[in-house]
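What follows is a set of notes on a single structure, which appears directly below.
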Amino acid sequence: MPDAGAMRTPDLGIVGLSHIVIEASDPDRSAAFYNDVLGFETAPGPAWPQCGTAVTLAAGRGQNLILAAASKLPDLHETGVHQAFGLSHGAREKAALRLKAQGVEIETYGEDPPDETTGGFYFFDPDGNRIQLVALPDTEDDAPPTLHHTAVQVADILWAEQFYTEILGLVPVHRVGWNTADYARAQAWADGKEDMAPGTRRLDKRYSSMVNARVMPRVNPQVYFACGDQRLGVFLANSHFQESPEDACRGTPRIAFRVDPPSLERAQGRLTEASWRFEGPVVHQPGAPVSDSIYIRDPGGNFIELATAGGAHS
């Protein structure tokens with residue numbers, strides 16, 4: 001594959017994750033879980049724009065986790081979709097004790113990025129959202145969790161990579177499924193020699209009468225992008241999933257990237273040039289946690305927001 005760095009569009013100015021919106025059947029109940037078990041704190045202030053009924057939790061680095069009310073939640077157990085939070089080794093051990101006390105099962109499978117092949121720590125929140133805890137060195141035990149990375153699924157991995165590189169200007173830092181070594185590892189998984197996270201492997205049915213094996217282990221294609229010090233993972237969906245309406249640009253769940261005002265203007269121009277559907281810039285009310293936003297959907301139907309920090313309008 002050609003060198004991604006030589007081909008990519010100049011960086012749009014995304015400096016990291018601003019906030020992540022996940023869905024919950026009861027945001028107050030979920031907030032209690034995240035606060036008591038993981039050390040988040042409910043953030044006072046005005047409601048987060050375009051989230052409906054929701055509870056905002058303060059994370060480290062000025063980031064936020066928003067729990068938005070939803071009546072119908074998808075089953076994500078067999079997908080690669082998850083949210084990863086960074087905290088100290090000690091804080092992660094304390095979280096493990098609290099999870100066990102509540103009867104929450106902890107999984108320790110691996111993922112494909114080099115820094116995630118071992119030491120995995122995963123569980124499900126009360127609404128079936130998969131959560132990963134990443135132990136960070138040189139982090140104080142009482143520091144709030146940070147948004148470390150997030151992962152979504154798409155129906156077309158190549159189209160998604162084109163969107164994130166050519167329109168948003170993100171840099172691919174790791175690909176899975178483009179070389180034979182990845183498929184050898186898939187065989188190791190099928191043989192029970194590797195315990196890998198859901199969404200990273202699959203068994204394809206074979207219909208040819210010329211072969212004896214009726215299933216073939218395959219690695220599930222993935223692309224990881226750098227977002228400042230954070231990361232976005234994009235997984236090829238293992239099965240059909242229901243997308244939101246085609247004309248919808250605002251919704252939940254949602255990933256928001258932090259940008260400065262000039263970057264928001266460049267994004268508007270680039271989206272217009274590409275004839276990509278978007279809404280914005282939307283100017284929020286004074287005092288809102290974000291100042292201006294552009295709302296878009298990626299090729300997999302995932303809601304994306306580009307947001308500038310609150311306090312001043314562009």
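The values are calculated or read from the model by the stated rules, or taken from the named source; none is laboratory data. What you are looking at is a predicted structure, and each value in this text was computed from that prediction instead of being measured. Backbone-built Cβ (ideal geometry, glycine too); neighbour counts: all protein chains shown.
For the subset of the stretch 50-96 comprising residues that are modelled with pLDDT of 95 or more and of a type in the set (D, E, K, R), which member is surrounded by the fewest Cβ atoms within 10 Å (Cβ to Cβ)?
Only one residue tops the list, namely GLU93.
Looking at (1) closer than 28 Å to LEU38 by Cα; (2) of a type outside the set (S, T, N, Q); (3) surrounded by fewer than 22 Cβ atoms within 10 Å (Cβ to Cβ); (4) at pLDDT 90 or above, find the lone condition where HIS174 falls short.
(1)
Would a scan of the stretch 73-85 turn up a residue that is of a type outside the set (Asp, Glu), closer than 28 Å to LEU236 by Cβ and over 15 Å from the mean Cα position of the chain (by Cα)?
Yes - at least one qualifying residue is present in the stretch 73-85.
Checking the conditions here, which among ILE22, ILE14, ILE106 is modelled with pLDDT of 95 or more, of a type in the set (Val, Ile, Thr) and surrounded by 15 or more Cβ atoms within 10 Å (Cβ to Cβ)?
ILE22
Taking the stretch 113-147 as the search range and keeping residues that are closer than 17 Å to GLY199 by Cβ and either at pLDDT below 95 or out of contact with any strand residue (DSSP E or B) (no Cβ under 8 Å at 6 or more places or on another chain) (or both), which one is surrounded by the most Cβ atoms within 10 Å (Cβ to Cβ)?
GLU116
Can we say ASP127 is farther than 30 Å from GLU93 by Cα and of a type outside the set (Phe, Trp, Tyr)?
Judged against the criteria, ASP127 is not a match.
For the stretch 203-243: of the residues being modelled with pLDDT of 75 or more and polar (S, T, N, Q), which is nearest to ALA160 (Cα to Cα)?
Ranking the qualifying residues of the stretch 203-243, first place goes to GLN222.
Does the stretch 255-300 hold any residues that are among the small types (Gly, Ala, Ser) and in contact with a strand residue (DSSP E or B) (Cβ under 8 Å, 6 or more places away or on another chain), and which are they? Quick ask: steps written out before the conclusion?
Within the stretch 255-300, the subset among the small types (Gly, Ala, Ser) is 256, 263, 267, 269, 274-275, 280, 287-288, 291, 293, 300.
Hits for the stretch 255-300 are ALA256, SER263, ALA267, GLY280, SER291, SER293, GLY300.
Could you please find all residues in the stretch 44-64 being touching a strand residue (DSSP E or B) at 6+ places or on another chain (Cβ under 6 Å) and either closer than 22 Å to LYS94 by Cβ or not small (Gly, Ala, Ser) (or both)?
TRP48, CYS51, THR53, VAL55, THR56, LEU57, ALA58, ALA59, GLY60, ARG61, GLN63, ASN64
I'd like to know if the stretch 299-313 contains one or more residues that are of a type in the set (Val, Ile, Thr) and more than 18 Å from the chain's Cα centre (by Cα).
The answer is yes; a qualifying residue exists.
If you check ALA155, ALA190, which single one turns out to be out of contact with any helix residue (DSSP H, G or I) (no Cβ under 7 Å at 6 or more places or on another chain), over 30 Å from GLU273 (Cα atoms) and among the aliphatic types (A, V, I, L, M)?
Criteria check complete, one pass: ALA190.
Restricting attention to the stretch 148-171, report how many residues are assigned to a loop (DSSP other than H, G, I, E, B) and surrounded by 22 or more Cβ atoms within 10 Å (Cβ to Cβ).
2
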